[in-house]
Structures are given as C-alpha cells and as structure tokens.
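Only the coordinates and a few stated rules stand behind these numbers; no lab work does. Just so it is clear, the structure is predicted and the values come from calculations on it, not from any experiment. Methodologically, a virtual Cβ is constructed for each residue, glycine included, from the backbone with ideal geometry; neighbour enumeration extends over all protein chains shown.
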Amino acid sequence: MYGAGQDAMKRILPNIEFMHCENNPSFYGQAPEPIAKNLQELEAFIKENGKIDCALATDGDADRIGLYNGSGEFIDSHHIILLLIHYLAKYKKETGKVATAFSTTPRVKVMADHYNLPSEVVKIGFKYIADIMVAEDVLVGGEESGGIAVKGHIPERDGIWMGLIIWEFMAK
C-alpha cells in the first residue's frame with residue numbers, strides 16, 4: 001500500500017504481480033490499513049485475472065497483513081491467526097502459548113485448546129502481546145488489526161513474514 005515494505009517482496013519473489021509499489025508518503029490519499037474496504041482494487045484485480053491463488057497486502061510499514069483467496073474473498077486477521085495456529089501446531093509440530101488481544105475472535109482459544117496450547121487474552125495494543133513474547137514461549141501473538149507475530153521471528157508484527165508463512169502452508 002505504497003509503503004516502506006514494498007521492495008521486500010520484489011526481492012524475494014520477483015516474478016509475481018505487484019500493485020501500489022511506488023513511493024508515495026501520502027499513500028495517494030488512501031488509508032494504508034490493509035482491510036477489505038481499502039483493498040477493493042486488489043479484490044477486483046483477483047476476480048478479473050482468474051489465475052491468482054492468493055494475494056497479500058501490507059500496510060504502510062508492512063507490519064500488518066491483509067489477505068485474499070483466489071476467489072477474491074478477503075481473509076480477515078482473525079482467520080489468519082487461526083490458519084497460523086493450525087499450520088504451526090499441526091503440520092510443523094510447534095508448541096507455545098497463543099497470545100491475542102481481547103478484540104480477537106474467541107475461536108482462537110477454541111483452536112488453542114484443540115492443540116493443547118495455553119492461551120492468554122490481553123488488552124488491545126500489540127505492546128502487551130510483545131511483552132509476553134519476550135518473556136514466555138509464544139507460538140502466535142496477534143490482534144484484529146492484522147498485526148501478527150510468530151515464534152522464531154521477532155516479537156513484533158510483520159505482515160510480510162506472516163504472508164510468507166501462509167504461502168508456505170499453501171505450497172505444502
């Protein structure tokens with residue numbers, strides 16, 4: 001969304017389609033939050049193209065993720081968190097606490113319980129999740145705004161890394 005993280009994916013996956021990857025500090029007047037109402041152009045592109053399996057969008061500083069499936073349906077952060085827990089616990093056999101803001105879906109606790117993972121709900125603000133990630137063994141930490149972090153990476157939001165993990169899950 002015209003932000004600081006735009007060149008990272010070009011270096012990692014240079015042969016994919018890119019949108020809004022030019023420098024513009026005002027984001028061309030578009031709010032840089034990667035939510036469905038701000039990503040209508042991306043949704044239309046997916047539906048018109050017909051050959052896209054998944055699309056990733058990040059906010060201005062690339063710490064939050066927006067995701068679309070191949071049908072052009074927006075995948076909200078609640079479901080991204082659930083996908084990450086499922087993939088990391090079931091397929092990668094990773095363990096750790098799940099820490100989420102209280103505004104995140106209660107289905108996160110249900111999935112954490114399913115995989116026998118401890119869970120904790122904290123106040124809104126990723127700083128509360130980050131504090132737990134620094135002090136404890138946390139598998140996934142996330143909030144409804146699309147800010148998500150996982151074990152083995154920095155204890156901070158990273159939209160690009162979350163997208164790459166989702167794509168790894170899809171590839172496997």
Item to check | Fewest-first ranking of S103, S145, using other Cβ atoms within 10 Å as the exposure measure | outcome: S103, S145
Checklist entry - So which GluC sites (Glu not before Pro) in region 30-60 are both in a DSSP loop and have at most 11 other Cβ atoms within 10 Å of their Cβ? => result none
Item to check | 5 angstrom amide H check on S119, placed H, neighbours 5+ away | outcome: V98
Checklist outcome for this item: Using the Cα gyration tensor of the chain, the equivalent ellipsoid's semi-axes, largest first and to the nearest Å, work out to 27, 17, 14
Checklist entry - Based solely on its DSSP helices, what 222 nm [θ] is calculated for the chain when runs of n ≥ 4 H residues each add -39,500 (n - 2.57) and the sum is averaged over all residues, nearest 500 deg cm²/dmol? => result -10000 deg cm²/dmol
Item to check | Other-chain or far-sequence residues with amide H under 5 Å of I124's (modelled H) | outcome: F102
Item to check | Nearest-ten-degree value, helix 40-49 long axis tilted from longest Cα axis of the chain | outcome: 70
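Report the full-extension gain for the segment I124 to A44: residue separation times 0.36 nm, less the Cα-Cα distance, to one decimal in nm. Please report the intermediate quantities before stating the final value.
Numbers: separation 80, 0.36 × 80 = 28.80 nm, distance 3.20 nm.
Length gained between I124 and A44: 25.6 nm.
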Checklist entry - So what's the gap between the Cα centers of region 135-168 and region 81-114, to the nearest angstrom? => result 11
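Once you have the Cα-Cα distance between I132 and E22, take 0.36 nm times their residue separation minus that, and quote the gain in nm to one decimal. All intermediate terms of the calculation are to be shown ahead of the outcome.
On the way: separation 110, 0.36 × 110 = 39.60 nm, distance 3.58 nm.
Length gained, I132 through E22: 36.0 nm.
Does region 77-171 come out rounded, prolate or oblate by the C-alpha gyration tensor, with a ≥ b ≥ c the root eigenvalues, rounded set by a/c under 1.5 and, if not, prolate when a/b is larger than b/c and oblate if not?
On the way: a/c = 1.34, a/b = 1.18, b/c = 1.14.
Taking the square roots of the gyration eigenvalues as a ≥ b ≥ c, region 77-171 is rounded.
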